[in-house]
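The structure under discussion appears below in the form of structure tokens.
Laboratory data are not the source of any read-out in this text; all were calculated from the coordinates shown. The structure displayed is predicted, hence computed values, not measured ones. Note that we place each Cβ from the backbone using ideal geometry, even for glycine, and neighbour counts take in every protein chain shown.
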Amino acid sequence: MSSTLSTRLHSIDALRGLVILFMLLDHVRETFYLHMQVADPMDVAHTDPALFFSRTLAHLCAPVFILLTGLSAFLYGEKYQGRAAVSAFLFKRGLFLVVLEFTLVNFAWTFQLPPSVIYLQVIWAIGLSMLALSALLWLPRALLIGLGLLLVAGHNLLDGVHFEPGHWAHVPWAVLHDRGWIEVSEGLRLRTSYPLLPWIGVIALGYGIGPWFGRGSDAGLRRRRLLATAGGALGVFFVLRWLNGYGEKPWATGETAVQTLMGFFNITKYPPSLLFLALTLGIGLLLLVAFERRNDGRVVRWLAVFGAAPMFFYLLHLYVLKLLYVLALAWWGANHGAYFGFDSVLAVWGVAVLLALALYWPVGWFARLKARRRDIGWLKYL
């Protein structure tokens, strides 16, 4: 492997690893700080700043991960000679992720068999986005990028479109854009937590920037393009947010400077608004440039271990968190209503750091196994 290729892939894994750790922080919060649940967008007047900024930091996870999924799909095609191989891989892995969401992932959250509720969350969104990209990648690159931009920038025009349960469009629209409940039977409901349309746009854009990372690409030109794209995305965020013009609830001056800052950055994730995606993807691209420039650094190498085995980490950390919560509840009992929970956000951060250190070795072992045993086909799906 050339040093240029190694630099590119290492920086991608490092960025993926960083957002995975932000996800870990957020899931520790959802496990041990559930008594202080937050809305979307958050209620600035009644949300502790430490909780607000911890949750906002986790906003980077899904957009960056799905963008990198599209980018990695392009690089997979370079390695395996063509779009047909990429399309087949995306289709199979997308189906695999959808099945995983309905089974192992949902059980990790609910510990309920048979389930009465199935939450269709980020793994579902990634899986369906991959299925969509398996068809869309046959479009000319310019058209694919244009479609991605249209979905990311234009879907907020559909925010006022709703269909009542019983209407023929209720179920498909709940999947595509309108977060809500789907009644399957008297004993089973589905929650479409991650409406799909904007995420298809994000994965399409990730695939569209793939040639910047392709064989023979110039590193300096790639970084300039990434910086320009990041600057454009962040410019869109700050201009539109300042104008209170599109896709978000208006912000206003708060009682304190901190509340004003919180209000300005209080953005909607479900579905992700244009401003949400402009901010998070802009920051993500800046981080990607930084990691590529510091490719030989210890922190980058450490983060890349997590990014090399993302699905293994995802499943492992969910079950570890559930086990820890069950043990804590059994040992100490409920101390916040029906829940056992921490008394501060600092404790959430502390447990997240300890878990990151504890999970580093098993994730590193699996990443090395995955790299060494390429003859085991199913490993590439994790």
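Would you mind calculating the relative contact order of the chain from Cα pairs under 8 angstrom and at least 6 residues apart, reporting the percent as a whole number?
Across the chain, relative contact order equals 29 percent.
Just to be sure I understand: with springs between alpha-carbon atoms less than 10 Å apart, which residue in Ala309, Ala62, Ala290 has the highest mean-square fluctuation in the Gaussian network model of the chain?
Maximum among the listed residues: Ala290.
Could you tell me which residue out of Ala39, Val351, Leu97 lies farthest along the dipole of segment 3-381 toward its positive end? Charges go on the beta carbon: Lys and Arg +1, Asp and Glu -1, centred on the Cα centre.
So the residue we want is Leu97.
Pop out the ³J(HN,Hα) list for segment 208-215 in order, Karplus 6.51 cos²θ - 1.76 cosθ + 1.60 with θ = phi - 60°, rounded to Hz; leave Gly and Pro as x.
Calculated HN-Hα couplings, in order: x, 8, x, x, 4, 10, x, 4 Hz.
For the chain, with a Gaussian network of springs between Cα atoms less than 10 Å apart, report the residue from Ala367, Ala230, Ala39 with the top mean-square fluctuation.
Taking springs between Cα atoms under 10 Å, the residue moving most is Ala39.
Any chance you could run the full-extension gain for Ser344 through Ala371? It's 0.36 nm times the residue separation minus the Cα-Cα distance, nm to one decimal.
5.7 nm
Could you give me the ³J(HN,Hα) list for segment 313-323, computed from phi with Karplus coefficients 6.51, -1.76, 1.60 and θ = phi - 60°, whole Hz, x at Gly and Pro?
With the stated coefficients, segment 313-323 comes to 4, 4, 5, 4, 5, 5, 6, 5, 4, 5, 4 Hz.
Taking the chain as a Gaussian network, Cα atoms linked when under 10 Å apart, which of Gly235, Gly180, Gly337 shows the biggest mean-square fluctuation?
Comparing Gly235, Gly180, Gly337 in a Gaussian network model of the chain, the most mobile one is Gly337.
Would you list Trp181, Trp212, Trp378 from fewest to most Cβ contacts within 10 Å?
Trp378, Trp181, Trp212
In terms of Cα to Cα distance under 20 Å, which lysines are near enough to Lys380, apart from those fewer than 8 places away along the same chain?
Lys79, Lys92, Lys370
Can you put Glu78, Glu164 in order of Cβ neighbours within 10 angstrom, beginning with the fewest?
Values: Glu78 15, Glu164 7.
Listing Glu78, Glu164 from fewest to most nearby Cβ atoms yields Glu164, Glu78.
Restricting to Cα pairs below 8 Å that are 6+ residues apart, what does the relative contact order work out to for segment 121-209? Please round to a whole percent.
It comes to 42 percent, rounded to a whole number.
Using 7 Å Cα-to-Cβ label points, what is the Phe111/Ala50 separation (nm, one decimal)?
Roughly 2.6 nm, to one decimal.
For Thr253 and Asp159, what does the FRET efficiency come to when R0 = 25 Å and r is the distance between their Cβ atoms, rounded to the nearest 0.05?
Numbers: r = 25 Å, r/R0 = 0.99.
The formula returns an efficiency of 0.50 here.
To check my understanding: the extent here is largest minus smallest coordinate of the Cα atoms along each principal axis. What are those three numbers for the chain, in Å, largest first?
Cα extents, longest axis first: 58, 47, 47 Å.
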